[in-house]
Protein chains: 2
Amino acid sequence: MAQPHDLPFSVDEYRSRVAKVQAEMARRGIDVLMINHLENIYYLSGYRTIGYYSFMALFVPPSGDPVHLCRLIEKTVLQGSSWIDDMDLYPDTERGLDAALRLIKSRKWDRLRIGIDKSAWYLTIDDFEKLQAALPQAKWVDSSLLVENMRLIKSPAEQAYSRKAGKAASEGMRSALAALRAGITEDDLMAAAYQGLFRMHSEYPGLPPLINSGVRHTMAHAMAEGNPVRQGDAVYFEIGASIKRYHAATLRIGYVGTPPKLFLDLTDLCRRSLDAGLKQMKPGNPAEAVDAAARKVIADAGYGDKFRHKAGYSIGIALPPDWSEARTMMLRGGEKRPLQPGMVYHFLPAVFEYKEYGVGLSETVLITENGHEILTDVEQKLFVVK
Amino acid sequence: MAQPHDLPFSVDEYRSRVAKVQAEMARRGIDVLMINHLENIYYLSGYRTIGYYSFMALFVPPSGDPVHLCRLIEKTVLQGSSWIDDMDLYPDTERGLDAALRLIKSRKWDRLRIGIDKSAWYLTIDDFEKLQAALPQAKWVDSSLLVENMRLIKSPAEQAYSRKAGKAASEGMRSALAALRAGITEDDLMAAAYQGLFRMHSEYPGLPPLINSGVRHTMAHAMAEGNPVRQGDAVYFEIGASIKRYHAATLRIGYVGTPPKLFLDLTDLCRRSLDAGLKQMKPGNPAEAVDAAARKVIADAGYGDKFRHKAGYSIGIALPPDWSEARTMMLRGGEKRPLQPGMVYHFLPAVFEYKEYGVGLSETVLITENGHEILTDVEQKLFVVK
């Protein structure tokens, strides 16, 4: 038995997750599942590393424990973080895909029905073409989102991490907002955000704190680059935290000086949009109802074409370059699946126009048996510093 | 003409890069190139965003300016960061791949030879199968690493950013090392590292500061999780910085208390390994010579099987989840391409054994006309705090 230094969940919980995956594999006629996204590997094993930019896989057989395939340099972090003993390691002079072929053949899986995630980033077109060429007898079954769908509903132990992440994201936000004043830079605000995050034990989040000042606050998705904060600048703050890779995030806007009426009005608009959407956040409602309610408020005020994104997305286990589970489920038009207790969403109405404004408000929200619980807790207002 | 808020290079430099890509396309018989990795899109356009977790592309025609395809929410950050006017935006109710099909057809590219990067993460197997099905007349040409290979040799303007990144990474390291003492946690060291990084205007780097204490310092690639730093703990520090997305990184080990002789010996071993490799870092030498020289020192001392990774990798433009250009070129056995002036490498000999030790030393190194220039500048020693 492996002796990991620290497991986020009990081995029993991991084994029950693996058993669920194996049951779903049987249902879909998959003999062996190859998992390439570390979020999914982590969900089943505890293994976490920065090294997922190199080829890695967890192979799940029809029964029994899975096996890790990783670069040799991953050995110590595998030993220290996964409950799974069985690991196959390849040196940097070998291609990861060749190592996978070797493993598949040595375990006599090369004539089986192998599940692969065709929508995964970390199994490339080139990898798949090589697999097909080298294993002509294998059958390839698309297993996209098989594990992701299981992650949508968080267990009580997972919800506890999400709650802590909500507190950490809020502390990161408060710490950054408290540092806001004319004469500093985005750099200073980034440092302040991280101080708040680390004070509450956040790990490196899936996305950086988004902190952008002046013209750049109108550029949705820009990254801080050390620009100055001047009198009369609005500043965009979107800050997420990670606790055992479970994420929560929140969005607020700051203003240095006397804000134009437009910024106060748009903040009020986003708050009303948020309220309208929150009313829809209860079990049984289709996810798109949240988007529709939030969007109607903003459209009715004449800003519909400035609300350019889906209203929100599932949020949970994540690694850079994202903190969302948007691949799995979003709060957007057309998403008719119902909200269910244990789901967690980052819900973020916002409006943007280049060089004019970027205003929004967001919360991370857990769906409960009776409605919802907001996990982030920063005051909902425009944060004005004179 | 677009009016970006801030361009890292002149429009002339961008146009000359595009022209080089178009010349290479002509050489390979590619009519239109679809680029999906933001590092490559950024290299040609200046466009930078956190939003590359959603489908995006830059299409490069045989002549004339490229065109962006992105989610609608990217509009403002595109306007603010790219010199390219032409942009096609899709709403969150449309699939990105469907938008790409629409664009390809509307520009009458659907019977041409289209270059795609089959080793790219952000063009999935599923995407490619849909492209092939929807555009049966198109020919698909693998353009893997076409742009990446051009990025290997940095221009003087790019080298200036790499140099600044080297200074910022070093300041992050010094700031973290200065905070080291018993009784604090990895969180405190992370906050200190970021303070140093942001003081020198680093952006969010492609990887987090790797700061791991105690048993976890032996787990290569672990991420900080707030563990305590106690008397008798070694601490692993690997810290990178980003300036206009150009990266540099450095690795040092700290020790709280009186270090066992083994840690001093291994530090000395890694320093000798580093020296041996640096002697090989000059134009014309094959990249593998650096790895071989560094590895020989460590193998001769009996630690060859603990040096589990390639000796280094090209480092430059990067976005999470990596700061390397390892996909393009590494310092590893079998890499016979020569080092050339303008290349930048992160060179990191290190040895790991779970629960026993993790020791290494690294520098970021620019290859020059006459040899090399080390861009990071932290003292090469074991940092002992009593």
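All of the numbers you see were taken from the coordinates with simple rules; none came from a lab. This is a predicted model, so every value here is computed, not measured. No Cβ is skipped: glycine too gets one built from the backbone with ideal geometry, and neighbour counts run over all protein chains shown.
Sorting A:180, B:264 from the fewest to the most surrounding beta carbons within 10 angstrom yields B:264, A:180.
Springs between Cα atoms under 10 Å define the GNM used for chain A, and in it the highest mean-square fluctuation of A:250, A:185, A:76 occurs at A:76. Using the Cβ of residue A:116 as centre and a radius below 13 Å, the other residues enclosed give a net charge of -2, where K and R count +1 and D and E count -1. A dipole drawn for region A:11-151 from +1 and -1 charges on Cβ atoms has a positive end, and of A:50, A:138, A:21 the residue lying farthest that way is A:138.
Each copy carries residue A:23; placing its label point 7 Å along the C-beta direction from Cα gives inter-copy distances of 6.2 nm, listed from smallest up.
Using r as the Cβ-Cβ distance of residue B:336 and residue A:181, and R0 as 60 Å, what FRET efficiency do you calculate, to the nearest 0.05?
Values: r = 56 Å, r/R0 = 0.93.
Computed FRET efficiency for residue B:336 and residue A:181: 0.60.
Beta-bridge orientation, chain B: approximately 75 percent antiparallel, per DSSP, counting only bridges with both partners inside.
Position residue B:268: other-copy label points at 7.4 nm, ordered by increasing distance, label point 7 Å along Cα→C-beta.
Given charges of +1 on the Cβ of Lys and Arg and -1 on the Cβ of Asp and Glu, with all other atoms neutral, how large is the dipole of region B:248-367 about its Cα centre, in debye to the nearest 20? Before the final figure, lay out each step's value.
Details: 16 positive and 13 negative charges, 33 e Å.
Charge dipole of region B:248-367: 160 debye, to the nearest 20.
The Cα center of region B:295-359 and the Cα center of region B:116-182 differ in position by 17 Å. With neighbours defined as other Cβ atoms within 10 Å of a residue's Cβ, the residues B:357, B:47 order from fewest to most as B:357, B:47. Taking Cα atoms only, the orientation of helix A:11-28 departs from the longest principal axis of chain A by about 70 degrees.
The distance from the alpha carbon centre of region B:225-266 to that of region A:4-54 is 30 Å, rounded to a whole number. By its C-alpha gyration tensor, with a ≥ b ≥ c as the square roots of the eigenvalues, how is region A:122-195 shaped: rounded for a/c under 1.5, else prolate for a/b larger than b/c, else oblate? Verdict is oblate for region A:122-195.
Treating the angle as unsigned and between 0 and 90°, give the value, to the nearest 10°, between the Cα long axis of helix A:186-199 and the longest Cα principal axis of chain A. Approximately 60 degrees, to the nearest 10. A crude spin-label estimate for the pair residue B:356 and residue A:380, with each label 7 Å from Cα along the Cβ direction, gives 5.8 nm. Take each residue in B:51-59, count the other chain C-beta atoms within 10 Å of its C-beta, and the mean is 3.
State which entries of A:130/B:118; B:167/B:244; A:261/A:381; A:310/B:130; A:105/A:139; A:118/B:130 exceed 19 angstrom in Cα-Cα distance in the structure shown.
On the way: A:130/B:118 11 Å; B:167/B:244 14 Å; A:261/A:381 14 Å; A:310/B:130 24 Å; A:105/A:139 14 Å; A:118/B:130 11 Å.
Over 19 Å apart, Cα to Cα: A:310/B:130.
Counting DSSP beta bridges in region A:11-151, what percent are antiparallel, to the nearest 5? Present the calculation step by step, with values, prior to reporting the outcome.
On the way: 6 of 16 bridges.
Antiparallel: roughly 40 percent of the beta bridges in region A:11-151.
Quick check on the protein assembly as shown: what are the equivalent-ellipsoid semi-axes from the Cα gyration tensor, as sqrt(5λ), descending, whole Å? Walk me through the intermediate numbers first.
On the way: eigenvalues 261, 185, 176 Å².
For the protein assembly as shown, the semi-axes come out at 36, 30, 30 Å.
Dividing the mean sequence gap of close Cα pairs (under 8 Å, 6+ apart) by how many residues region B:156-385 holds gives a relative contact order of 24 percent.
When the charge dipole of chain A is built from unit charges on Cβ atoms (+1 for Lys and Arg, -1 for Asp and Glu) and taken about the Cα centre, the candidate among A:334, A:267, A:100 whose Cα reaches farthest toward its positive end is A:334. Along the axis of the charge dipole computed for chain A (Cβ charges of +1 for Lys and Arg, -1 for Asp and Glu, origin at the Cα centre), the listed residues A:33, A:81, A:176 are led at the positive end by A:33.
Listed by Cβ neighbour count within 10 Å, with the fewest neighbours leading, A:167, A:139 appear as A:139, A:167. Relative to the Cα centre, the charge distribution of chain B, modelled as +1 at Lys and Arg Cβ and -1 at Asp and Glu Cβ, gives a dipole magnitude of about 580 debye. Between copies, residue B:3 shows label-point distances of 6.6 nm, shortest first, with the point placed 7 angstrom from Cα along Cα to C-beta.
Using R0 = 35 Å, the C-beta based FRET efficiency linking residue A:231 and residue A:285 works out to 0.20. If you build a Gaussian network model of chain B, linking Cα atoms that sit under 10 Å apart, which residue out of B:269, B:251, B:197 swings the most? Answer for the Gaussian network model of chain B: B:269.
Highest mobility in the GNM of chain B, judged by mean-square fluctuation with C-alpha springs under 10 Å and restricted to B:277, B:214, B:232, is found for B:232.
If you place +1 on the Cβ of every Lys and Arg, -1 on the Cβ of every Asp and Glu, and leave all else neutral, what size is the dipole of the protein assembly as shown about its Cα centre, to the nearest 20 Debye?
Details: 96 positive and 94 negative charges, 81 e Å.
Computed charge dipole of the protein assembly as shown: roughly 380 debye.
Projecting the alpha carbon convex hull of region A:1-108 along each direction and taking the average yields 6.5 nm².
Compared with the dominant principal axis of the Cα atoms in chain B, helix B:125-134 is inclined by about 10°.
Here the relative contact order of region A:11-151, from alpha carbon pairs under 8 Å that lie six or more residues apart, stands at 25 percent.
Using Cα centres only, tell me the gap between region A:274-294 and region B:71-88 in whole Å. A separation of 30 Å, based on Cα centres.
For a straight C-alpha distance cut-off of 20 angstrom, the lysines reachable from residue B:20 (same-chain residues fewer than eight places away being disregarded) are B:154.
With contacts defined as alpha carbon pairs under 8 Å and 6 or more residues apart, what's the relative contact order of chain A in percent? Don't skip to the answer; put the middle values down first.
On the way: 884 pairs, mean separation 55.1, N = 386.
RCO, chain A: 14 percent.
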